[in-house]
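Colleague: The structure that follows is given in the form of C-alpha cells.
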Amino acid sequence: MATKKNSKPKGKSKDTTSTKATYEALEIDDVLYQTTLPEWFKHRKTWKPQEEGVIASQIAGIVRDIFIKEGDSVDIGTRLLVLEAMKMYNEILSPVVGVVEAVSVQPNCNIPKGTVMIKIKPNPEKGEKKE
C-alpha cells in the first residue's frame, strides 16, 4: 500500500527568521539582567510592600493555633500563630517590635491568601525592624 506525502505541512508555519528578539533590562536584587519579557509580564500589577505591622497570609490555609491576643507586647521573632497550608504547619513570627492592635482570625478558621490576620502597632523605640 502506497502512502501519499503532502508537500505542504498542515497548519500555519511560523517564519522565525524574520523575528528579532528585543532584550530588556530586568533588575533583581541589585543585579541587572538582559532578557526577553512576554507582554503579560510587562503589563502585570506591580508589587507594593504592605504596611509595617500588618501580618497577612501569603497562602490559603487553616489557622491552627494563636499565641497572642490584643494588647500583648511582641518583639521581633515572637510566635504569633500557626497556619496550616498544604499539610505543612507554618509558624508566623512577628517582623516588628510593638503592641498587638487586632487579631482578625480564630483557631480552626479557613482563610484565603491575602487575609489580614494580625495588626501590630510598631514601637521603634524598643527595637529595630528585622530585615
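All of the numbers you see were taken from the coordinates with simple rules; none came from a lab. Everything quoted here is computed from the prediction, not taken from an experiment. Neighbour counts run over all protein chains shown; Cβ positions are idealised from the backbone, glycine included.
Colleague: For the range 54-126, what does the equivalent ellipsoid look like in terms of its semi-axes, each the square root of 5 times an eigenvalue of the Cα gyration tensor, given largest first in whole Å? Before the final figure, lay out the partial values.
Modeller: Details: eigenvalues 91, 24, 21 Å².
Listed largest to smallest, the semi-axes of the range 54-126 are 21, 11, 10 Å.
Colleague: State the extension gain, in nm to one decimal, for the chain segment bounded by residue 62 and residue 85, taking 0.36 nm per residue of separation less the distance between their alpha-carbons. Walk me through the intermediate numbers first.
Modeller: Details: separation 23, 0.36 × 23 = 8.28 nm, distance 0.66 nm.
Value of the extension gain: 7.6 nm.
Colleague: Separate question: Counting only the backbone N, which residues of the range 78-105 are under 19 Å from the spot 7 Å out from the Cα of residue 121 toward its beta-carbon?
Modeller: 94-105
Colleague: How high is the relative contact order of the range 54-126, in percent, counting Cα pairs under 8 Å that sit 6 or more residues apart?
Modeller: Details: 181 pairs, mean separation 29.9, N = 73.
Relative contact order here is 41 percent.
Colleague: On a 30 Å Cα-Cα criterion, which of the cross-link pairs 42/121; 42/113; 42/119; 48/69 come out too long? Provide the component values of the computation, followed by the final result.
Modeller: On the way: 42/121 36 Å; 42/113 24 Å; 42/119 33 Å; 48/69 28 Å.
42/121; 42/119, as the Cα separations exceed 30 Å there.
Colleague: Provide the net charge surrounding residue 65, with neighbours chosen by a C-beta distance below 10 Å and charges set as Lys +1, Arg +1, Asp -1, Glu -1.
Modeller: Working: positive: 64, 79; negative: 84, 91.
My count for the surroundings of residue 65 gives 0.
Colleague: Figure the gain on full extension for residue 39 and residue 102 (residue separation times 0.36 nm, minus the Cα-Cα span) and round it to one decimal in nm. Show your work: numbers first, answer last.
Modeller: Details: separation 63, 0.36 × 63 = 22.68 nm, distance 4.06 nm.
18.6 nm is the gain from fully extending residue 39 to residue 102.
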